[in-house]
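Everything on this sheet refers to the single structure shown next.
The values are calculated or read from the model by the stated rules, or taken from the named source; none is laboratory data. Every value quoted in this text rests on a predicted model; they were computed, and no experiment measured them. Cβ sites come from the backbone with ideal geometry, for glycine too, and all protein chains shown count toward neighbours.
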Amino acid sequence: MQGGRALTPKRLVLLAGLLAIGIAAPLVLPGYQLQLTELLLFMVFALAWDLVGGQMGYNSFGNVLFVGLGMYASAIVQVGLFYDVGLYNEARGGGTDFVFDASQFLSGLALGIPAAVLVSALAAWLLGSLVLTMRGHYFAICTLGLGIAAGQVAAGIPWIGAGSGMLTPNPPESLGDETLLLYYLALGLAIACALSFAWLLSARFGLALNAIRDDEDKAEAMGLRTHAVKVTAWVIAAGFLGAAGAIYGNLVRFIDPTQTAFAGATIGVWMILMALLGGKGTLLGPIVGAVVFQITKELFWTYLLGWQRVGLGLLIILVAVFFPSGIVGFVRERSAAKGRAGEQSP
Amino acid sequence: MIGNLLILHEAPALALQLAIDGILIGAVFALAAYGMALVWGVTNIINVAQGEFVMLGGFIAVIGAEHGIPVLLAVPLAAACLYALGWVLYYAVIVHLVGRDMFNSVLATFGIAIVLQQLMAHVFGGADRIAVAGLGSWFFLDGLVVVDKMKVLVFAACIALGVGLALFLFRSRRGQAIRAVAQRPEAASVLGIDTRKVYGLTFALNAAICGAAGALAATYTVHPYGGLSYTIRAFMIVVVAGLGNLAGVIWAALGLGVAESFAGFVLGPQYQIAFVFALLVAILVFRNWRLRRQRRYLA
């Protein structure tokens with residue numbers, strides 16, 4: 001397995017090709033910029049979920065917590081640098097009182113995204129020592145509760161718009177196409193996420209994660225500082241989720257506390273579905289899963305209008321019950337079976 | 001918030017009112033929690049769709065009330081509908097999950113919950129609904145404490161259902177089979193019990209209990225997306241009480257009802273659901289912390 005990750009020239013060409021596609025995609029398909037940006041963010045969501053869920057075996061149902069925290073943190077910084085956040089939300093961000101010029105908008109983003117990373121990572125570090133000592137059902141339901149609780153609390157705080165949500169700063173006209181800007185930000189984030197995870201998983205850290213997944217007590221008995229590893233992985237995942245949340249908030253422009261920020265029944269469970277659909281516990285799986293999911297979602301939105309959530313719910317059930325090894329797992333099993341068949345009949 | 005605490009201090013009658021309200025709703029929580037404990041104990045599956053079953057039962061009662069069916073008569077109707085749905089879901093989904101990784105069962109039942117939420121929103125609309133009983137109220141302490149007669153009736157019905165369920169589990173042949181499978185499925189199947197049927201019966205029975213609880217909860221309020229808080233309450237009650245502890249479930253449920261009622265008043269109604277979820281996290285963290293001192297953990 002470890003040797004399979006080496007960078008052969010063939011793989012370098014493949015990666016360069018993917019990069020070229022990534023850079024060219026929004027220019028070739030200008031009508032789909034929004035969906036493509038969302039796809040890149042979904043990749044980050046799924047990868048970050050899989051680092052803790054798939055690689056470490058801690059199946060969180062509340063990772064949306066960090067997405068939501070990132071969204072709010074970034075939006076608050078973006079607004080708060082130039083205006084009073086409470087007044088801004090009271091005015092629903094509208095009117096001529098709250099105008100952001102290009103440099104204000106850009107510097108807001110430039111500070112907002114790191115702030116999102118910081119807030120989410122800090123929350124993960126604080127919660128990690130409390131939550132990551134639970135296992136199984138308890139961890140799953142506890143994280144689910146955390147995600148929902150955050151949404152309910154956010155919906156009660158007037159300073160950030162309470163239940164009616166918060167608008168991210170309006171991008172100025174002079175900036176041109178801001179979706180394209182967000183797309184390239186998301187592309188950079190997705191590449192950073194995939195590369196850093198590839199590096200982490202090929203290093204000793206990846207082995208430690210897998211050891212915790214396979215038998216945590218044994219790993220601890222062998223001298224692995226399991227708790228430190230668990231919290232570290234959770235913090236790294238939360239940092240990426242926070243950054244992705246910050247970009248996602250600016251993409252949809254409107255942060256509803258329970259429907260976009262801490263949306264356990266949509267993004268929160270979709271990121272699990274993507275990781276599972278592509279192949280849990282693999283690096284490629286979440287990426288493939290995100291692509292397949294985004295296409296499926298868009299098709300559902302087009303052809304099942306009004307019933308798309310029902311369709312996605314059914315998809316979750318189907319994948320969880322009948323296709324738990326995912327696309328990458330399925331292909332690997334097939335090729336392994338083929339390999340065995342080949343050995344038996346020389 | 002402090003102001004509300006002072007009000008409570010100055011008006012003990014209000015505190016009594018809140019406590020009574022909490023105890024009355026607590027009985028509904030107890031039913032849903034007992035159903036969850038049953039499925040958990042027998043199949044080792046946490047049914048995340050528990051609250052959606054409750055809401056579905058509630059909507060059946062609401063629709064029934066609009067057509068002139070009294071709420072108490074809607075209870076068996078809701079239970080029967082949910083019992084049938086329970087069997088359908090069992091053969092479609094749950095049967096494949098028994099004995100599998102817990103992650104798959106949580107995710108799959110979460111999927112069921114999402115599908116049911118969306119279907120309910122489509123069929124019944126996205127608004128809060130209430131089955132109005134119109135039985136009037138009793139007044140105590142010069143009208144300072146008001147007790148809705150219907151809510152007392154709901155409380156009594158919950159007790160009756162709980163007693164009936166306990167009798168079924170401990171006295172009847174099928175109830176014995178369910179308990180036998182919960183203790184040791186291999187031995188039960190050697191003795192000629194069809195474990196798959198028992199799993200199905202348990203799941204359908206749980207759905208029926210939730211349906212009945214929901215029909216009774218309809219006198220409070222039902223909402224297509226209101227189910228998850230019932231699931232979380234049920235889980236929390238089971239965690240506090242432990243599996244197979246009927247008395248514990250009742251005490252925990254009534255306690256939760258009272259705590260929620262007070263929290264809703266002190267923190268403000270907009271934080272009541274947040275309180276439920278935060279309490280869950282706090283209870284789990286606390287229990288886990290206690291276990292950790294013995295180098296054990298919640299699993």
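Screening the range A:296-321 for residues that are aromatic (F, W, Y) and either within 24 Å of the chain's Cα centre (by Cα) or more than 14 Å from chain B (Cβ to nearest Cβ) (or both) and picking the one that is surrounded by the fewest Cβ atoms within 10 Å (Cβ to Cβ) gives A:Y303. Just to check your reading of the model, which residue among A:G86, A:G53 is crowded, with 16+ Cβ neighbours inside 10 Å and in a helix (DSSP H, G or I)? When all the criteria are applied, what remains is A:G53. Under 6 Å between Cβ atoms, at least 6 apart or on separate chains: pull out the pairs that start in the range B:27-46 with a residue that is more than 14 Å from chain A (Cβ to nearest Cβ) and end on any residue that is in a loop (DSSP other than H, G, I, E, B) and surrounded by fewer than 24 Cβ atoms within 10 Å (Cβ to Cβ). Listed pairs, sorted by first residue: none to list. Only one entry of B:A127, B:A133, B:A187, B:A157 meets the criterion of being free of Cβ contacts under 8 Å to residues at least 24 places away in the same chain, of a type in the set (G, A, S) and either in a loop (DSSP other than H, G, I, E, B) or more than 14 Å from every other protein chain (Cβ to nearest Cβ) (or both), and that entry is B:A187. If you go through the range B:286-296 and keep only what is surrounded by fewer than 18 Cβ atoms within 10 Å (Cβ to Cβ) and within 9 Å of chain A (Cβ to nearest Cβ), you end up with B:R287, B:W289, B:L291, B:R292. All of (1) surrounded by 15 or more Cβ atoms within 10 Å (Cβ to Cβ); (2) within 14 Å of chain B (Cβ to nearest Cβ); (3) at pLDDT 90 or above hold for A:G156 with one exception: (3).
Considering only residues in the range B:263-278 that are buried (at least 19 other Cβ atoms within 10 Å of the Cβ) and more than 9 Å from chain A (Cβ to nearest Cβ), the one that is farthest from the chain's Cα centre (by Cα) turns out to be B:F265. Within the range B:48-81, the set of residues being within 26 Å of A:A140 (Cα to Cα) and either within 14 Å of chain A (Cβ to nearest Cβ) or more than 13 Å from the chain's Cα centre (by Cα) (or both) comprises B:V48, B:A49, B:Q50, B:G51, B:E52, B:M55. In summary, B:A282 fulfils each of the numbered conditions (1) surrounded by fewer than 22 Cβ atoms within 10 Å (Cβ to Cβ); (2) more than 11 Å from every other protein chain (Cβ to nearest Cβ) with the single exception of condition (2). Out of the range A:92-132, which residues are surrounded by fewer than 23 Cβ atoms within 10 Å (Cβ to Cβ) and of a type in the set (S, T, N, Q)? Of everything in the range A:92-132, those that are surrounded by fewer than 23 Cβ atoms within 10 Å (Cβ to Cβ) and of a type in the set (S, T, N, Q) turn out to be A:T96, A:S103, A:Q104, A:S107, A:S129.
Restricting attention to the range B:31-75, the residues being over 17 Å from B:T221 (Cα atoms), of a type in the set (A, V, I, L, M) and assigned to a helix (DSSP H, G or I) number 7.
Exactly one of (1) more than 12 Å from chain A (Cβ to nearest Cβ); (2) loosely packed, with under 15 Cβ neighbours inside 10 Å; (3) of a type in the set (D, E) is unmet by B:D148. Its number? Here B:D148 clears every test but (2).
Pairs meeting the criteria (first residue in the range A:130-150 and more than 7 Å from chain B (Cβ to nearest Cβ) and among the β-branched types (V, I, T), second residue in a loop (DSSP other than H, G, I, E, B) and buried (at least 24 other Cβ atoms within 10 Å of the Cβ), beta carbons under 6 Å, at least 6 apart or on different chains) are A:T143/A:S60; A:T143/A:F61; A:T143/A:G62. The residues of the range A:275-295 that are of a type in the set (A, V, I, L, M) and at the interface with chain B (Cβ under 9 Å from one of its Cβ atoms) amount to a single one, A:L276.
Residue pairs whose Cβ atoms lie under 8 Å apart, sitting 6 or more positions apart in sequence or on different chains, and linking a residue in the range B:58-77 that is within 11 Å of B:A133 (Cα to Cα) to a partner that is among the aromatic types (F, W, Y) and buried (at least 18 other Cβ atoms within 10 Å of the Cβ), are B:V62/B:F124.
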